[in-house]
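Chemist: Can you keep this structure in mind? I'll have questions shortly.
Every number in this text was worked out from the coordinates using simple rules, so none of it is lab data. Predicted model only: the values in this text are computed from it and were never measured. FYI the Cβ positions are ideal-geometry reconstructions off the backbone, even for glycines, and counts take in every protein chain you see.
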Amino acid sequence: MTAHETLLTSREGGVARITLNRPEVRNALSRTLVQELEAALAAAEADAEARVIVLAGAGDKAFCAGADLKGVGDRGTTLQARESFGGLARILESIPRMKTPVIAQVHGYALAGGCGLAAGCDVVIASDDAVFGLPEIKVGLLPLMEAAFTIQDMEYGKSRRYLRELITLVGMSDDAREGIAAFFAKREPEWKGR
């Protein structure tokens, strides 16, 4: 399979494997990783020999610890932020449409976007040490649980697009920028409510 900067890919028999390969940052979702993952999933789907796709994380600490917070607080314009946040949403929209089943092989942490990525797969196989969670609220990036009431009657694709727009707005908020800055400075955030 194709060489990637942030992924390891292979196929043995009918099993295509895609491994998030940033163990030094607990396989955090950078823009490059998301772009490569989107392409790798499409390539595995197009491979007529692949009967199943297994998605895993490198190292012993995490499947995926969510978004790489470096750069999240500085997303540029709304359109740039939408594109940045849109990659994972596109992946989560595409998996249910794929004819090849995608299995998440989860060990260690599956947090925030990593939790969403695992939950978006067709099947999740979790080891005894797997930890699922949505800790992004601590840095001002709300997991948007209230939105569940709004989207419950929406078609799946429309609900994903709606949530993508909301997370774009939340990610550009003053509180998100402050929460991320506080996280890196190892201090308590000073919330402004905007």
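Chemist: Under 5 Å between amide hydrogens, which residues at least 5 positions from Val15 or on another chain qualify, with H placed 1.01 Å from N in the peptide plane?
Modeler: Correct list: Arg51.
Chemist: So for Ser127, Ser159, fewest C-beta neighbours within 10 Å to most, what's the order?
Modeler: Ser127, Ser159
Chemist: Let me ask something else about it. Calculate the dipole size of the chain relative to its Cα centre from +1 charges on Lys and Arg beta carbons and -1 charges on Asp and Glu beta carbons; express the result in debye to the nearest 20.
Modeler: Working: 23 positive and 26 negative charges, 54 e Å.
Charge dipole of the chain: 260 debye, to the nearest 20.
Chemist: Moving to a separate point now. Longer than 30 Å from Cα to Cα, which of Lys158/Lys186; Lys70/Lys99; Lys61/Lys186; Lys61/Lys158; Lys61/Lys192 are they? Say none if no pair is.
Modeler: Details: Lys158/Lys186 38 Å; Lys70/Lys99 35 Å; Lys61/Lys186 21 Å; Lys61/Lys158 34 Å; Lys61/Lys192 34 Å.
Beyond 30 Å: Lys158/Lys186; Lys70/Lys99; Lys61/Lys158; Lys61/Lys192.
Chemist: In addition: Under 5 Å between amide hydrogens, which residues at least 5 positions from Asp68 or on another chain qualify, with H placed 1.01 Å from N in the peptide plane?
Modeler: Leu29, Ser30
Chemist: What is the local net charge at Leu37, summed over the other residues whose Cβ is closer than 14 Å to its Cβ (Lys, Arg +1; Asp, Glu -1)? Please list the in-between numbers first.
Modeler: Details: positive: Arg17, Arg22, Arg31, Arg90; negative: Glu5, Glu36, Glu38, Glu45, Asp68, Glu93.
Here the charged neighbours net out to -2.
Chemist: A further question on this structure: With θ set to phi - 60° and the Karplus curve 6.51 cos²θ - 1.76 cosθ + 1.60, what are the ³J(HN,Hα) couplings of region 92-108 in order, to the nearest whole Hz, using x for Gly and Pro?
Modeler: 5, 6, 7, 4, x, 8, 6, 6, 8, x, 10, 10, 8, 9, 9, 9, x
Chemist: Now for a different question. With a point put 7 Å past each Cα toward its Cβ, work out how far Ala181 is from Thr150 in nm, to one decimal.
Modeler: Rounded to a tenth, the inter-label distance reads 2.7 nm.
Chemist: Here's another thing I want to ask about it. If you rank Tyr162, Tyr109 by fewest surrounding Cβ atoms within 10 Å, what's the result?
Modeler: Going from least to most buried by this count: Tyr162, Tyr109.
Chemist: If packing is taken as the average number of other Cβ atoms within 10 Å across a peptide's residues, how do 97-103, 6-12, 51-57, 172-178 rank, most packed first?
Modeler: Averaged packing, sorted descending, gives the order 51-57, 172-178, 6-12, 97-103.
Chemist: Tell me, what ³J(HN,Hα) does each residue in region 151-161 have, in order and in whole Hz, if you take phi through Karplus 6.51 cos²θ - 1.76 cosθ + 1.60 with θ = phi - 60° and put x for Gly and Pro?
Modeler: With coefficients 6.51, -1.76 and 1.60, one gets 8, 4, 9, 8, 5, 3, x, 5, 5, 5, 5 Hz.
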